[in-house]
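J.: The structure's right below; bear with me while I get my questions together.
The values are calculated or read from the model by the stated rules, or taken from the named source; none is laboratory data. What you see is a predicted model; the values in this text were computed from it and never measured. Backbone-built Cβ (ideal geometry, glycine too); neighbour counts: all protein chains shown. Accessible surface areas use protein heavy atoms only, side chains included; no ligands, DNA or RNA. Shrake-Rupley method; radii C 1.70, N 1.55, O 1.52, S 1.80 Å.
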Amino acid sequence: MLDPRSEGYIAAPGFQTFYREMMDAYIRPVSRLLFPDVVGYDTQTFGFSIRWQASKDTSLRPHSDASAVTLNINLNLPREGYSGSAVSFIDPVSRRIEKLTFEPGTALIHHGSVPHASEPITEGERYNFVLWLYGQQGQIPHRGIQTPQISAKDRWSVPTEEFDNFAPF
């Protein structure tokens with residue numbers, strides 16, 4: 001676990017500083033660029049890792065995340081192969097399913113509200129680093145809210161709100 005609100009989190013001060021700086025300097029600005037509707041719903045962060053194992057983790061049913069934005073990074077190296085474990089995204093209106101192969105070293109970024117699922121892993125292991133952005137007390141944007149126009153300065157700004165200690169799980 002990457003977050004101090006979770007049992008077993010990585011307590012190394014250097015890692016926690018890296019994690020906060022990465023969220024402030026890269027993840028939040030990129031999220032605001034791709035999804036400007038999340039501005040104001042991105043003041044809080046939550047991070048965790050997942051290990052998918054063949055015959056143990058057969059699938060993750062369709063769900064949406066408790067986040068405004070989710071960044072999911074595949075931490076496997078190219079030689080650390082596995083089979084299966086595609087990620088399916090479900091269009092909430094048409095119900096069309098788009099399956100994506102989640103190759104080692106790639107990242108997926110999406111609105112947390114987008115329904116998605118992981119297909120069964122059939123061989124090997126897959127390691128993921130999952131980062132969430134959300135607002136105070138777990139607030140996330142509602143569908144259909146007006147997308148604000150934001151300047152580059154606002155996109156790269158760091159929220160001034162205190163961490164609220166709300167864990168979104």
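J.: Examine region 123-134 for a residue that is of a type outside the set (Asp, Glu) and either modelled with pLDDT under 85 or surrounded by fewer than 12 Cβ atoms within 10 Å (Cβ to Cβ) (or both), and state whether such a residue exists.
T.: Keep residues of region 123-134 that are of a type outside the set (Asp, Glu), which gives 124, 126-134.
Keeping just the survivors that are either modelled with pLDDT under 85 or surrounded by fewer than 12 Cβ atoms within 10 Å (Cβ to Cβ) (or both) gives none.
The answer is no; no qualifying residue exists.
J.: Every residue in region 45-75 that is over 20 Å from THR160 (Cα atoms), surrounded by 15 or more Cβ atoms within 10 Å (Cβ to Cβ) and of a type in the set (Gly, Ala, Ser), please.
T.: Once the filter is applied, which keeps residues that are over 20 Å from THR160 (Cα atoms), surrounded by 15 or more Cβ atoms within 10 Å (Cβ to Cβ) and of a type in the set (Gly, Ala, Ser), region 45-75 yields ALA54, SER64, ALA66.
J.: In region 117-147, how many residues are in a loop (DSSP other than H, G, I, E, B) and more than 16 Å from VAL69 (Cα to Cα)? Before you say what the answer is, go through the steps one by one.
T.: Taking region 117-147 as the starting set, the residues that turn out to be in a loop (DSSP other than H, G, I, E, B) are 119-120, 135, 139-147.
Imposing the further condition that a residue be more than 16 Å from VAL69 (Cα to Cα) reduces the set to 119-120, 146.
Going through region 117-147 one residue at a time, the tally reaches 3.
J.: Residue check: is PRO115 under 19 Å from GLY81 (Cβ atoms), touching a strand residue (DSSP E or B) at 6+ places or on another chain (Cβ under 7 Å) and open to solvent by less than 70 Å² (accessible area, probe 1.4 Å)?
T.: Numbers: under 19 Å from GLY81 (Cβ atoms): no; touching a strand residue (DSSP E or B) at 6+ places or on another chain (Cβ under 7 Å): yes; open to solvent by less than 70 Å² (accessible area, probe 1.4 Å): yes.
Answer is no for this residue.
J.: I'm trying to understand the selection: among the residues of region 94-112, which are loosely packed, with under 11 Cβ neighbours inside 10 Å and in contact (Cβ under 8 Å) with a residue 60 or more places away in the chain?
T.: none
J.: Looking at region 147-158, which of its residues are in contact with a helix residue (DSSP H, G or I) (Cβ under 8 Å, 6 or more places away or on another chain) and not basic (Lys, Arg)?
T.: Within region 147-158, THR147, PRO148, GLN149, ILE150, ASP154, TRP156, VAL158 meet the criteria.
J.: Any chance region 76-85 includes a residue that's in contact with a strand residue (DSSP E or B) (Cβ under 6 Å, 6 or more places away or on another chain), open to solvent by less than 70 Å² (accessible area, probe 1.4 Å), of a type outside the set (S, T, N, Q) and modelled with pLDDT of 85 or more?
T.: Looking through region 76-85, at least one residue is in contact with a strand residue (DSSP E or B) (Cβ under 6 Å, 6 or more places away or on another chain), open to solvent by less than 70 Å² (accessible area, probe 1.4 Å), of a type outside the set (S, T, N, Q) and modelled with pLDDT of 85 or more.
J.: Now, a different point. Residues being part of a helix (DSSP H, G or I), at pLDDT 90 or above and of a type in the set (Phe, Trp, Tyr): count how many of those fall in region 19-39.
T.: 1
J.: Specify which of the listed residues (ASP42, ASP3, ASP91) is modelled with pLDDT of 90 or more and either touching a strand residue (DSSP E or B) at 6+ places or on another chain (Cβ under 7 Å) or surrounded by 14 or more Cβ atoms within 10 Å (Cβ to Cβ) (or both). So that I can check it myself, show each step before the final result.
T.: On the way: ASP3 fails: modelled with pLDDT of 90 or more; ASP91 fails: either touching a strand residue (DSSP E or B) at 6+ places or on another chain (Cβ under 7 Å) or surrounded by 14 or more Cβ atoms within 10 Å (Cβ to Cβ) (or both).
Going through ASP42, ASP3, ASP91 in turn, just one is modelled with pLDDT of 90 or more and either touching a strand residue (DSSP E or B) at 6+ places or on another chain (Cβ under 7 Å) or surrounded by 14 or more Cβ atoms within 10 Å (Cβ to Cβ) (or both): ASP42.
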